[in-house]
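Visitor: Have a look at this one.
The values are calculated or read from the model by the stated rules, or taken from the named source; none is laboratory data. Keep in mind that what you see is a predicted model, and the values were worked out from it rather than measured. Neighbour counts run over all protein chains shown; Cβ positions are idealised from the backbone, glycine included. These accessible areas exclude ligands, DNA and RNA; they are computed on the full protein's heavy atoms, side chains included. Shrake-Rupley method; radii C 1.70, N 1.55, O 1.52, S 1.80 Å.
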Amino acid sequence: EVVSEALRHSDGQVFLLTVAGCPSCRQQGSSSLKGCRCRLCSEERPGLVDYYGICQACGKCGGHDSKCPFCVQVFPSLCALDCHVRFVHGDRESSEWQTSRLEDYIKTRTQPGARRAAYPEQGTFMEARNGGLLRTVEA
């Protein structure tokens, strides 16, 4: 039923492209189909945050979470998450993780003009630098 109209207008072949969207945003249970949202500029749209964690609207890193599906850690970019999975969850990487993104990054990172992972904005992702612990102020 669903593809009958498409089949009538084709030569009997239909190519299906499924866009899964951001896994971190899907985990939050949002019913919104608008895409990812940047906490720094409040923009929301599909493809808003690139592999390096840079928001396409404000140009800053740190406004979006890339959550590890194997533990509770959160990263400012998919690049950082890919590196985390490779070195911390190596046993699950080959069978349960898409490694092609990180492999492409490794191949191109030494070329002139290659992009690099950005440092998150001040005040975001501080717990990652403290081993997951909240920062305490000494009196």
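Visitor: So which residues in segment 54-110 are crowded, with 16+ Cβ neighbours inside 10 Å, out of contact with any Ser or Thr (no Cβ under 8 Å at 6 or more places or on another chain) and of a type in the set (Phe, Trp, Tyr), if there are any at all?
Guide: Trp97, Tyr105
Visitor: One residue is enough: does segment 81-98 have a residue meeting the conditions farther than 18 Å from Cys25 by Cβ and of a type in the set (S, T, N, Q)?
Guide: Yes, segment 81-98 has at least one match.
Visitor: Consider only pairs whose beta carbons are under 9 Å apart and that are at least six residues apart or on different chains; among these, list those whose first residue lies in segment 1-24 and is farther than 30 Å from His64 by Cβ and whose second residue is modelled with pLDDT of 75 or more and polar (S, T, N, Q).
Guide: Pairs that qualify, where the first residue is farther than 30 Å from His64 by Cβ and the partner is modelled with pLDDT of 75 or more and polar (S, T, N, Q): there are none.
Visitor: Look through segment 9-47, keep the residues that are outside any loop (DSSP other than H, G, I, E, B), modelled with pLDDT of 65 or more and among the basic types (Lys, Arg), and return whichever of them is most open to solvent (accessible area, probe 1.4 Å). Write out each step before concluding.
Guide: As a first pass, look at segment 9-47 and keep what is outside any loop (DSSP other than H, G, I, E, B): 23-27, 36-37, 44-45.
Applying the additional criterion that residues be modelled with pLDDT of 65 or more yields 23-25, 36-37, 44-45.
Retained after the next criterion (residues that are among the basic types (Lys, Arg)): 37, 45.
Details: Arg37: 112, Arg45: 87 Å².
Per the criteria, the residue is Arg37.
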